[in-house]
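What follows is a short report on a single structure.
The values are calculated or read from the model by the stated rules, or taken from the named source; none is laboratory data. All of these numbers come straight from a predicted model, not from anything done at the bench. Note: ideal-geometry Cβ built from the backbone for every residue, glycine included; neighbour counts use all protein chains shown. For accessibility, only protein heavy atoms count, side chains too; no ligands or nucleic acids. Shrake-Rupley method; radii C 1.70, N 1.55, O 1.52, S 1.80 Å.
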Amino acid sequence: MWVWSGSLIKIFVFKVLEMEHDSRGEFLKNSLSIMNMFLFSFLGKVTKGGTYNPLTILSSAISGDFSQFLFTIGARIPVQVIGSITGVRLLIDTFPEIGLGPRLTVDIHKGALTEGLLTFAIVTISLGLARKIPGSFFMKTWISSVSKLSLHILGSDLTGGCMNPASVMGWAYARGDHITKEHILVYWLAPIEGTLLAVWTFKLLFRQQKQDEKEKLGKTE
């Protein structure tokens with residue numbers, strides 16, 4: 001569903017409405033993308049955790065118990081990859097003119113650094129929102145959606161600004177380059193490392209904040 005939704009938005013704006021890649025067309029596409037992220041956030045809430053991005057469940061699995069981690073690595077992420085591959089295959093068969101997805105336009109090291117930094121930023125934002133606004137679905141989704149869109153635009157000309165290994169895997173499998181060093185390093189290892197670093201950094205900062213609060217309470221008592 002996620003693979004199809006992004007492509008259908010582009011088809012609707014640039015093919016059906018025949019809007020060019022100018023300010024009006026990009027504004028409409030980005031607005032529909034934010035609405036689309038709201039839809040998938042709602043679906044995730046209804047399904048009690050269903051998501052389309054391996055990095056989202058990986059960050060929570062790292063913080064959970066070992067059985068949850070094994071279930072995420074052994075079942076949830078492979079299912080996401082299979083869903084992406086199937087979705088891309090059906091999409092290409094239905095709309096052959098859609099293209100073959102994001103491609104790396106810089107060298108492999110710059111690409112890995114870009115995807116790693118983008119992933120670090122969005123995972124940190126997501127963890128912060130989960131802590132700061134746990135009960136506000138609309139505000140949390142709005143900030144998360146705008147952040148994802150902004151980071152995607154920043155990295156779109158370099159790596160595609162994907163921050164989603166499963167989605168990229170679907171397109172790479174269709175092109176036949178899913179086992180190349182470029183794909184594995186830039187779109188899998190770098191985002192996973194960015195996720196791990198974000199989780200560990202957030203834990204360290206949050207632990208330090210809790211220690212400071214305990215020290216303040218101890219002094220007041």
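Computed values, structure above
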{"quantity": "Residue 123 vs. criteria open to solvent by less than 40 Å² (accessible area, probe 1.4 Å) and not basic (Lys, Arg)", "calculated": "yes"}
{"quantity": "Qualifying residue in the range 183-196 (condition: open to solvent by 40 Å² or more (accessible area, probe 1.4 Å) and modelled with pLDDT under 90)", "calculated": "no"}
{"quantity": "Residue under evaluation residue 104, criteria (1) hydrophobic (A, V, I, L, M, F, W, C); (2) open to solvent by 40 Å² or more (accessible area, probe 1.4 Å); (3) not in a helix (DSSP H, G or I), criterion not met", "calculated": "(2)"}
{"quantity": "Total residues in the range 86-100, condition outside any helix (DSSP H, G or I), open to solvent by 40 Å² or more (accessible area, probe 1.4 Å) and either free of Cβ contacts under 8 Å to residues at least 24 places away in the same chain or under 19 Å from residue 12 (Cβ atoms) (or both)", "calculated": "1"}
{"quantity": "The range 143-152 - residue that is touching a residue at least 12 places away in the same chain (Cβ under 8 Å) and more than 19 Å from residue 188 (Cα to Cα) and, of those, least open to solvent (accessible area, probe 1.4 Å)", "calculated": "145"}
{"quantity": "Where residue 46 falls short, out of the listed (1) in contact with a helix residue (DSSP H, G or I) (Cβ under 9 Å, 6 or more places away or on another chain); (2) over 29 Å from residue 182 (Cα atoms); (3) without any contact (Cβ under 8 Å) to a residue 12 or more places away in the chain; (4) not basic (Lys, Arg)", "calculated": "(1)"}
{"quantity": "Options 90, 39, 55; residue that is modelled with pLDDT of 85 or more and under 23 Å from residue 194 (Cβ atoms)", "calculated": "55"}
{"quantity": "Residue 156 vs. criteria among the polar types (S, T, N, Q) and more than 29 Å from residue 98 (Cβ to Cβ)", "calculated": "no"}
